[in-house]
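Taking it in order: structure first as structure tokens, then the write-up.
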Amino acid sequence: MPNRDTPRTFLLYALLAISAAYYVQRNVFIAPQMHRNDFQHLYIGAFLVGQGIDLYDFKAAMWTKSQLGISQGLNPFVYPPLMAVLCRPLAWVDYETAWIAWCIFNHLLLVGTLALFCLLWSKESLLLKWTAGITLFAFFDPIFRTLSAGQFNIVLLFSFTLALLLMKRNYSVAAGIVIGIMASAKVAPALLLVLFLFIDRPAFFAGLATVCACTGWAVAVAGWDQHRAFFDLLPQMSYGRSTWTEYGQVFHVEAHNQAPSALFYRLFSRNPRTAALADLPTLAYALSVLTALLLLGIAAYAAIRRRCDRDTLFILWVYPMLLIPSLCWDHYFTQLLLPIWVLAARWKDDSMKNNVLFAMAVGILAVPYAFESGWWKAGIGIFGASLKCYAAIALYLLTFSHCGKGDEMNGLCESAIRNPQSAIEEGGTDFRPVA
């Protein structure tokens, strides 16, 4: 008898081949020829750290750019000094060689991320998982945008996936160390340490200790002056402000900025990017703060009421980590591939309505978008520039709706907190109380 799975296997191999070819054509050959506007400040930071030159000074950055012969534009270095310390190996070689090495490193990390994805999603065949992953990576525009800019998103995606897998396998300290390193290099992942405070105290304390150790290392290499300069920079990244404002930068209202606060300031503040509905910056600030509190409040509520469902909580807290700050460039949504993968693995157990909403949100995040179109720059049309933001929020609410379903039933979860050994015997699940 012919094998019924043969046509399915053939189709999977065909889709895998097409997706892999498209990935190579777009992300290996085209992306490296683009602007690299974020890699430049990583390289310059790596070059300057430890030399006593201010990493955050506009004139120093521009002078270094000129001396290194970098012809493309330059964005400000806005990371903690540890980021420059971690990137130091890039400065051991010339700029073009470093760029090639960075691209190869990111492709390898994506392969590693997909391997970790496959370990998270264990019920399906390896062929199906690799085909789904390669297809998602090939057609997900934020990956292309990340690779063309030389951004740090793929490192974060790999790290978050690794931390989730470690947490699932009860290596709490290791998970905390991974998140602690990322929080020391980019601040925003520190929000995941707050989650650990709710659901996994060993991971929280391991992460906190790692932040202290990494900061001490960075101070030893870069000096305290660099850290003081970073703290002086932080107010420039608050709602309604931009770094290098004095040099004409308005990052807080750029169309590619998908933070909710960016929408409010495009709508309610006089700015050079949009014809705002009104000049009410105080209203824009208030709406930004209220939205941040709402996003954080939903996540905190889930962490308190559904703290046994640690996997879903982990991916849930990735969303406010991205959406609360004043900057959320569209390529940051590369980091949402982890929640997308986890949600996709559950589609058989979800309703048709949720599956359609999920598919639409992922599709909106995946496709390229004409952010600079004049259609989105005036009046009520300004709402159109934040389409990817709405998709991310839809996925956030969809993820929230899944919180607690991993417990099988809430009574078992609460029983597990009171008596973990009994819950293991009755439900076969490893529940651990918060220390």
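A few comments on the model shown:
- Nearest-10 value in Å² for the accessible area of C308, using the 1.4 Å probe: 30 Å²
- Dipole moment magnitude, nearest 20 debye, the chain about Cα centre, only Lys, Arg, Asp, Glu C-beta charged: 400 debye
- Karplus-derived HN-Hα couplings along the stretch 324-332 (A = 6.51, B = -1.76, C = 1.60, θ = phi - 60°), whole Hz, x at Gly and Pro: 6, x, 6, 10, 9, 4, 4, 6, 4
- Listed residues S159, S242, V318: farthest to the positive end of the dipole of the chain (Cβ charges): V318
- Computing FRET efficiency as 1/(1 + (r/R0)^6) for D94 and D225, where r is the C-beta to C-beta distance and R0 is 25 Å, gives about 0.35.
- Reduced Cα scattering model of the stretch 1-112, Debye log10 I(q)/I(0), q = 0.13, 0.15, 0.21 Å⁻¹: -0.59, -0.71, -1.13
- Accessible surface computed residue by residue for the chain, with neighbouring protein chains in place and a 1.4 Å probe, gives 44 Å² per residue.
- Maximal additional length on extending the N355-Y390 stretch stands at 10.9 nm, based on 0.36 nm per residue less the C-alpha distance.
- Accessible-area ranking of F196, F383, largest first, probe 1.4 Å: F383, F196
- Nearest-10 value in Å² for the accessible area of E246, using the 1.4 Å probe: 130 Å²
- The 3J(HN,Hα) values that the Karplus relation (6.51, -1.76, 1.60; θ = phi - 60°) gives for the stretch 241-255 are, in residue order, 10, 9, 5, 6, 4, 5, 10, x, 7, 9, 4, 5, 10, 5, 5 Hz. Gly and Pro appear as x.
- For F77, residues with placed amide H under 5 Å, excluding near neighbours: none
- Solvent-accessible area assigned to carbon and sulfur over the chain amounts to 67 percent, based on a 1.4 Å probe.
- Once the Cα-Cα distance is subtracted from the 0.36 nm per residue extended length, the I30 to L294 segment shows a gain of 91.1 nm.
- Nearest 10 degrees, 0 to 90: helix 201-222 Cα axis against the chain principal axis: 20 degrees
- With semi-axes defined as the square roots of five times the eigenvalues of the C-alpha gyration tensor, the equivalent ellipsoid of the chain measures 34, 26, 25 Å, largest first.
- For the chain, the longest principal axis of the Cα atoms and the long axis of helix 281-305 meet at an angle of about 30 degrees.
- A probe of 1.4 angstrom, applied to the heavy atoms of all protein chains, finds W341 with accessible area near 10 square angstrom.
- Along each principal axis, taking the top coordinate minus the bottom one, the Cα set of the stretch 110-257 gives 54, 38, 29 Å in descending order.
- Pairs of lysines in the chain whose Cα atoms sit within less than 26 Å of one another amount to 20, provided the residues are eight or more positions apart or on different chains.
The values are calculated or read from the model by the stated rules, or taken from the named source; none is laboratory data. Nothing here was measured: the structure is a model prediction, and the numbers come from that model. With ideal geometry, Cβ positions are generated from the backbone for all residues, glycine too; neighbour counts draw on all protein chains shown. Ligands, DNA and RNA are excluded from the accessible area calculation, which covers all protein heavy atoms including side chains. Shrake-Rupley method; radii C 1.70, N 1.55, O 1.52, S 1.80 Å.
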